[in-house]
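The values are calculated or read from the model by the stated rules, or taken from the named source; none is laboratory data. Values in this document were obtained by computation on a predicted structure and should not be read as measured data. All Cβ positions, glycine included, derive from the backbone under ideal geometry; neighbour counts span all protein chains shown. Side chains are part of the model used for accessible areas, which takes the heavy atoms of the whole protein and leaves out ligands, DNA and RNA. Shrake-Rupley method; radii C 1.70, N 1.55, O 1.52, S 1.80 Å.
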Amino acid sequence: CSSLAGIMLLEVVLVLGTLLIYFLFSKKKEETLPFKDGWWGKGQKPVTQEDTSVRPFKVETTEEELSDLFRRLDQARFTEPLEDSCFHYGTNSVHLRKVVSYWKNQFNWKKQVEVLNKYPQFKTKIQGIDIHFVHVKPPRLPEGQAAKPLLMVHGWPGSFYEFYKIIPLLTDPASHGLSDEHIFEVICPSIPGYGFSEAPHKKDFNSVSAASVFYELMLRLGFNEFYTQGGDWGWLICTNLAQIAPNHVKGLHLNMASVSKLGLTHLLSVLLGRYFPGLFGFQDEDVRRMFPFLKKGLYRILSESGYAHIQATKPDTVGCGLNDSPVGLAAYILEKFSSWTDTEFQNLEDGGLERKFSLDDLLTNVMIYWVSGCIVSSMRFYKENFQKGIGTQKHEKLTVQVPTGIASFPNEILHTPQAWAKKKYTNIVSFHFMPRGGHFAAFEEPELLAKDILQFVGKVEKEQLWKKK
């Protein structure tokens, strides 16, 4: 009887030992996000093979386009703002009149078209729609060095133009006082439905669709391994791309990282993190940026997310007015370049717009939306991403294993501490609190962002981190 018990005990030990060895040594299969092979062109997908040629593209303008714009600017109707309201009610029309006057009398769109054309641009058809992108190679490469491909993705209400000041810092760092240990070949596409990329003609084009299109673009350009960088929608598209192709994305650099899957720990950290920061992995800077949470978290979300609710529900309705009125379009877009750069700018009558940007730069971005007529299709991207509910998509449930770098800017609308981010991005190799700057990092603080990208890539390359994913 005792020998029988001994045999049973041995069997139990063997089974438990086998299970232990299995769990210790069996690598959990990392789940990837399925590539979304859609067809977004008009009508039925043709049976013939898609034209995969890459065609040069230049931004052009006509006298008709300009005379139509000036006619509309001349006929603009303004509403008097409330006294002392500054930018608290949105774009202040006293300042808007000044912007429109500058637009009519000083802004030179033809000159800005030349600025836009200073970098090579192309178009290529992917999944039925024309994709526009800027592709800049380094002017020079030190002996024995290869350029590293970097995909940079913008957001709303930005455009590929946001990257024009950071591109030279990455493609020719030595000429700008930066280390040339790593030199990039930069690819900046326009999200489909934004700028000069064709808008999808069918429903359900979301961030995973955009990531799949951009993955196809990078492969078409001959890049099997590359880095990605993004903020705003670029954050989500690049995140999805890292989930779709973890063996092709060497590193993911973000200047915004939002986490939609929140658990009990997050809730407790919101309630108690101010008093017990160490318990939740918060640093002093996290506490400074997040608390009091009612004011800096909840109220800020409520006061700054009205646009998102409209765009995630009825984009075509509100888009009608914006697509018809350049002044309305400017008011809608410029407000974001005020409050998302620094919420304190709402206390100024001019919204602080020219404290970080020039009117030429701001109006060039507005003009990209105006001349391409893309405001409605750009807003639809919110509906496609949110209509199934937050936290319900597969990509929201999957982690990101790719080496990740996060540049956390102090005036970002909502702060995400590293303690939260690492639940989603399990391989954060660089997380930095940036000294200044807001939501439009590449546009506003190109040098700060470029330095952070360079040090992040330096870390990944030195330790060959992508090979250890």
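Quick test for you: out of Gln112, Gln145, Gln106, Gln127, pick the one residue that is touching a Phe, Trp or Tyr at 6+ places or on another chain (Cβ under 6 Å) and either surrounded by fewer than 22 Cβ atoms within 10 Å (Cβ to Cβ) or farther than 21 Å from Ala442 by Cβ (or both).
Values: Gln112 fails: touching a Phe, Trp or Tyr at 6+ places or on another chain (Cβ under 6 Å); Gln145 fails: touching a Phe, Trp or Tyr at 6+ places or on another chain (Cβ under 6 Å); Gln106 fails: touching a Phe, Trp or Tyr at 6+ places or on another chain (Cβ under 6 Å).
It is Gln127.
Just to verify a result, which residue in segment 115-124, among those that are open to solvent by 30 Å² or more (accessible area, probe 1.4 Å) and in contact with a Lys or Arg (Cβ under 9 Å, 6 or more places away or on another chain), is farthest from Cys188 (Cα to Cα)?
Asn117
When you go through Gly251, Gly319 one by one, which is the residue that is touching a Leu at 6+ places or on another chain (Cβ under 8 Å) and either within 30 Å of Phe160 (Cβ to Cβ) or of a type in the set (Gly, Ala, Ser) (or both)?
Sole residue among the options that is touching a Leu at 6+ places or on another chain (Cβ under 8 Å) and either within 30 Å of Phe160 (Cβ to Cβ) or of a type in the set (Gly, Ala, Ser) (or both): Gly251.
Within segment 328-355, which residues are in contact with a strand residue (DSSP E or B) (Cβ under 9 Å, 6 or more places away or on another chain) and acidic (Asp, Glu)?
Answer for segment 328-355, where residues must be in contact with a strand residue (DSSP E or B) (Cβ under 9 Å, 6 or more places away or on another chain) and acidic (Asp, Glu): just Glu335.
Among residues belonging to segment 413-440 that are in a helix (DSSP H, G or I) and in contact with a strand residue (DSSP E or B) (Cβ under 7 Å, 6 or more places away or on another chain), point out the one that is most open to solvent (accessible area, probe 1.4 Å).
Going through the qualifying residues, I end up with Lys422.
Considering only segment 282-305, state which residues are hydroxyl-bearing (Ser, Thr, Tyr) and either open to solvent by less than 50 Å² (accessible area, probe 1.4 Å) or assigned to a loop (DSSP other than H, G, I, E, B) (or both). Lay out the reasoning, then the answer.
Keep residues of segment 282-305 that are hydroxyl-bearing (Ser, Thr, Tyr), which gives 299, 303, 305.
Correct list: Ser305 only.
Met152 versus (1) surrounded by 19 or more Cβ atoms within 10 Å (Cβ to Cβ); (2) in a loop (DSSP other than H, G, I, E, B): which is the lone unmet condition?
Condition not satisfied by Met152: (2).
Is one or more of the residues making up segment 159-166 more than 22 Å from Phe337 (Cβ to Cβ), touching a residue at least 24 places away in the same chain (Cβ under 8 Å) and under 23 Å from the mean Cα position of the chain (by Cα)?
No.
Mind telling me which of the residues Val134, Val208 ends up being in contact (Cβ under 8 Å) with a residue 24 or more places away in the chain and either farther than 22 Å from Ser372 by Cβ or open to solvent by 10 Å² or more (accessible area, probe 1.4 Å) (or both)? It would help to see each step written out before you state the result.
Numbers: Val134 fails: either farther than 22 Å from Ser372 by Cβ or open to solvent by 10 Å² or more (accessible area, probe 1.4 Å) (or both).
Answer to the check: Val208.
In the set Pro200, Pro246, Pro192, which member is assigned to a loop (DSSP other than H, G, I, E, B) and within 26 Å of Phe431 (Cβ to Cβ)?
Matching residue, one of Pro200, Pro246, Pro192: Pro246.
Within segment 359-398, which helices (runs of 4 or more DSSP H) (wholly inside it) include 2 or more residues that are aliphatic (A, V, I, L, M) and buried (at least 23 other Cβ atoms within 10 Å of the Cβ)?
Values: elements: 359-372, 375-386, 394-397.
Correct list: 359-372, 375-386.
Can you pull out the residues in segment 219-258 that are of a type in the set (S, T, N, Q) and farther than 16 Å from Pro149 by Cβ?
Start the filter on segment 219-258 by keeping residues that are of a type in the set (S, T, N, Q), which leaves 224, 228-229, 239-240, 243, 247, 255, 258.
Residues satisfying the conditions are Thr239, Asn240, Gln243, Asn255, Ser258.
Which pairs have Cβ atoms under 8 Å, sit 6 or more apart or on different chains, and link a residue in segment 387-400 that is under 16 Å from Ala257 (Cβ atoms) to one that is of a type in the set (Val, Ile, Thr)?
As it stands, the answer is His395/Val208; His395/Thr239; Glu396/Ile390; Leu398/Thr32; Thr399/Thr426; Val400/Thr239; Val400/Thr426, since those pairs meet every condition given.
Please go through (1) without any contact (Cβ under 8 Å) to a residue 12 or more places away in the chain; (2) under 16 Å from Asp324 (Cβ atoms); (3) charged (D, E, K, R) for Asp84 and return the number of the only condition it doesn't satisfy.
Against the list (1) without any contact (Cβ under 8 Å) to a residue 12 or more places away in the chain; (2) under 16 Å from Asp324 (Cβ atoms); (3) charged (D, E, K, R), Asp84 comes up short only on (2).
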